[in-house]
Each structure stands twice: as structure tokens, then as C-alpha cells.
1. I'd like the residue in the range 45-80 that is more than 17 Å from Ala110 (Cβ to Cβ) and among the polar types (S, T, N, Q) and, out of all such residues, is modelled with the highest pLDDT.
2. One residue is enough: does the range 41-55 have a residue meeting the conditions farther than 20 Å from Glu143 by Cβ, among the acidic types (Asp, Glu) and in a loop (DSSP other than H, G, I, E, B)?
3. Let me spell it out: the conditions are (1) modelled with pLDDT of 95 or more; (2) touching a Gly at 6+ places or on another chain (Cβ under 8 Å), and Pro101 meets all of them except one. Which number is the exception?
4. Residues being surrounded by 16 or more Cβ atoms within 10 Å (Cβ to Cβ) and under 21 Å from Met1 (Cα atoms): count how many of those fall in the range 91-118.
5. Return the residues of the range 159-169 that are within 18 Å of the chain's Cα centre (by Cα) and among the hydrophobic types (A, V, I, L, M, F, W, C); say none if nothing qualifies.
6. Given Arg153, Arg186, Arg174, Arg166, which one is free of Cβ contacts under 8 Å to residues at least 24 places away in the same chain, within 30 Å of Lys3 (Cβ to Cβ), outside the structural domain of Pro101 (by TED's automatic domain parsing) and assigned to a helix (DSSP H, G or I)?
7. Tally the residues that are among the small types (Gly, Ala, Ser), outside any helix (DSSP H, G or I) and either closer than 18 Å to Val97 by Cβ or not assigned by TED's automatic domain parsing to the domain that holds Val11 (or both), restricting the search to the range 114-150.
Amino acid sequence: MRKLLRELAAVQIGYQLPGRIPHDSATLYRIIQMRDLDDAGGLCVEKMAYFIPQRDAERYIVRDGDMVFQARGTRNLAFVLRDVPPDTLASNHFYIVRIRPDVVMPEYVAWFVNQPSAQAHLTGKAQGTTMMLVPKEAFESLEVEVPPLAVQRTIVEIAALRQRERGLIEHLERKRDTLIRTLCLRAAQRAE
């Protein structure tokens, strides 16, 4: 069954920043910017800036299980937020997406949005020259294939295992490079 994203979630634009963020560690508010998410969708809390909102911050506060979609830039990926510190806002580079969990899993929607076919659709709708933007209307009108929750859960588990495998392979490659470099340096030093 296919549904429009707007039928599965409430979507809103993140907090509009007034230019540079004056860092203020005396405040409780933090803001998620593009640099604060790693490739796996993990939130790098230690990098997040503290700031004082200039207007109502409550509507921009994200919570555990919210999905954010990177609407600006060249990589328009979706991430589900976990372990979000209190009083954390998402910047206007993101759409804040509140999924209806009775219908669909947030992790499944993020996985679906990040698939090549959905990405191609969104890229085709992007506007701008230097800083591309996927319009909110285009994002909300994305058709999402919605299988039963049990199937969604299986897809999410498989995707998480694949992501973990990728991380382990990258770690193994780094270790192998270090080992080879060390062995080659030792061989060069012995040859002297």
C-alpha cells in the first residue's frame, strides 16, 4: 500500500537561524545543524552549539523518535533521532518529521526516504543553484510504500545489520592498513 508522506507524518521546517549562532553555554538550548549528524545518522551531541532562541523555541524542539530530513544541500538524507538531549532544536536545514507510529515505524520511513528511487525523486524536485532545497510540498508528496509493521520491522533490522557490517568492514580496513604500513616500515628499517 502506498501513502503520501503527509499522511504518515506531520512535517515542519526547522528553526530559522538569524545568521551566525552566538555560542552561549549558559543556556539549555542546543541546535542540530548538518555537521552534527554522522553518516550513520548518529547525533554528535558534543559538537552541537548552545544558543539562545530569539522566538518561540517549543515548536522546534525535537524528541526521541523524531525523524529529521536534510532538506538543504547536496545530500538529502533522513535520520531518526535517538537519545536526544532535552531542549534540542533542529535548524531550518532540516524538516522535523513526526511519524504516526501506529501506522509506520520512523526507522522504516527514514530507510525508505534514503533509498535510491526516493532520493532520485527528491533530487528531481530540488530547487536552487548553489544551495539546493527540496521544497516541503515535494517532500510531503513523496509516495511511501507501507508494508505491514512486521515487514517494516524486518527491513529496519536488516538495514541496521548492514550498517553495522559496513562499520565493521571500515574498521577492519583501517586496522589492515595500519598493519601493512607497520610491516612495510619495519622491513624498510631492517634493510638499512
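1. Checking each candidate, the answer is Thr74.
2. no
3. Of everything listed in (1) modelled with pLDDT of 95 or more; (2) touching a Gly at 6+ places or on another chain (Cβ under 8 Å), Pro101 misses just condition (1).
4. Count: 15.
5. Residues satisfying the conditions are Ala159, Ala160, Leu161.
6. Arg166
7. Result for the range 114-150: 2.
The values are calculated or read from the model by the stated rules, or taken from the named source; none is laboratory data. Owing to the predicted nature of the structure, the values given are computational and were not obtained by experimental measurement. With ideal geometry, Cβ positions are generated from the backbone for all residues, glycine too; neighbour counts draw on all protein chains shown.
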